[in-house]
1. Could you tally the net charge around residue B:48, taking each other residue with its Cβ under 15 Å from the Cβ of residue B:48, Lys/Arg +1 and Asp/Glu -1?
2. Hull surface divided by four, with the convex hull built on the Cα atoms of the stretch A:133-193: how many nm²?
3. Residue B:143 to residue B:64: extension gain in nm, 0.36 nm per residue of separation minus the Cα-Cα distance?
4. Assuming 0.36 nm per residue, please report the length gained on full extension of the stretch residue B:32 to residue B:5 beyond their Cα-Cα distance.
5. I need A:189, A:173 ordered by Cβ neighbour count within 10 Å, fewest first.
6. How much net charge surrounds residue A:21 when only the other residues with a Cβ under 10 Å from the Cβ of residue A:21 are counted, with Lys and Arg +1 and Asp and Glu -1?
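Each reported figure results from applying straightforward, stated rules to the coordinates on display, with no laboratory input. Predicted model, so just to flag it, every value in this text is computed and none were measured. We place every Cβ from the backbone using ideal geometry, glycine too, and count neighbours over all the protein chains shown.
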Amino acid sequence: MSFAVTVESSRVSGGDSDLEPLLAGDKAAWDRFVARYAGVIFAAVRRRLVPAGRVADAEDVVQDVFVKICQNDFRLLRGYDAARARITTWLTVVANSAAVDHLRRLRRRTEDIEAQPESVLAVDPVVREEVKIPAGMLSPRQALVLELLYQRDMTPGEAAEVIGIDPQTVRSMHHKALVKLRAHFQAEMREEED
Amino acid sequence: MREDDIRTKEGAALWRQTRQGWSPLRDDEAPEALLLAAYLDGRLAEDEAARLEARLAGEPALLEELLALRESLAAGAEAPPAAVVTRAQGLRRRTPALRAFGADGPSWRERLFGFSLRPAVSALAGLALLVACAGAFELGRYQAGQLDTTQTVEAGDSDVPVDLLMSGLL
């Protein structure tokens with residue numbers, strides 16, 4: 001998916017008054033931007049590289065992130081919308097994505113896969129799959145609730161936090177989803193018996 | 001069993017049964033960074049959130065990604081090595097300070113001596129250099145003429161030494 005290229009600077013800057021001069025090419029604003037957010041990017045990159053045993057690559061990946069941000073006249077940064085997300089959240093997602101790409105590139109380059117730590121290979125499962133849920137049976141949110149509770153072993157409180165809803169709503173959704181699934185599979189069983 | 005656990009054996013079995021229908025992932029592109037960030041910040045519109053949640057429920061790898069991002073955000077920033085900051089700051093070269101014009105833009109003086117004449121400055125400098133070179137060349141030629149040591153002398157009778165004339169008579 002591509003990022004919007006032309007945006008109003010105010011949409012990009014949001015609460016960060018430095019982003020407008022930065023996009024206009026002000027070197028001092030760039031320096032401040034780097035000083036302010038390098039820690040956010042570094043932390044996100046490092047967290048992703050540590051399990052793969054590639055923490056030594058963190059500095060290079062952080063540099064890649066800043067290169068991506070400023071190349072093509074800040075094309076990536078111009079796609080940021082302060083009304084949609086906080087700059088720290090957006091930078092964390094961008095940095096995480098750069099670290100994952102880095103690990104994928106490493107994996108492709110590696111001739112002897114057996115010599116790599118298992119965790120590197122685990123970054124991107126070889127076979128990615130999706131769950132086939134009968135269309136219209138569960139709402140996306142109900143399915144996500146069940147996935148978080150039963151596959152991710154979360155409490156209603158934890159699941160609620162991930163989705164950004166009330167724990168009581170999680171309980172209610174869980175109940176309604178089970179009613180639907182029960183009815184669906186019972187009907188399926190009856191059809192098989194007939 | 002943990003406190004506040006609402007899971008049941010039946011629920012686990014039903015969800016397991018639902019998840020049994022695995023199929024290869026469609027060739028969907030990863031959600032863009034801003035969409036994930038907006039979801040993490042709880043700022044997605046209802047329909048956008050529903051679309052993303054449908055993907056999260058059906059794509060374990062994408063859900064894994066989202067949970068990792070949540071952990072990363074909760075952990076917060078870390079102090080980066082100074083070299084990281086210096087290197088990144090060096091990506092942008094220092095440019096001449098931007099002039100802050102008023103809301104109406106540059107004044108007529110600024111337009112005349114600033115913007116309008118700015119391209120002419122380099123042309124004038126080049127012309128001045130050309131004139132200076134030409135002047136230097138001409139000056140050199142003039143001075144060379146002044147220092148010329150070859151002189152032509154027309155010899156007349158008056159210039160012949162007397163003793164030489166006398167020797168012809170003798």
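1. -1
2. Mean orientational projected area (the stretch A:133-193, Cα hull): 4.2 nm².
3. Going from the current span to full extension adds 19.8 nm.
4. Full-extension gain reported as 6.3 nm.
5. Final ranking by Cβ density, sparse to dense: A:189, A:173.
6. -1
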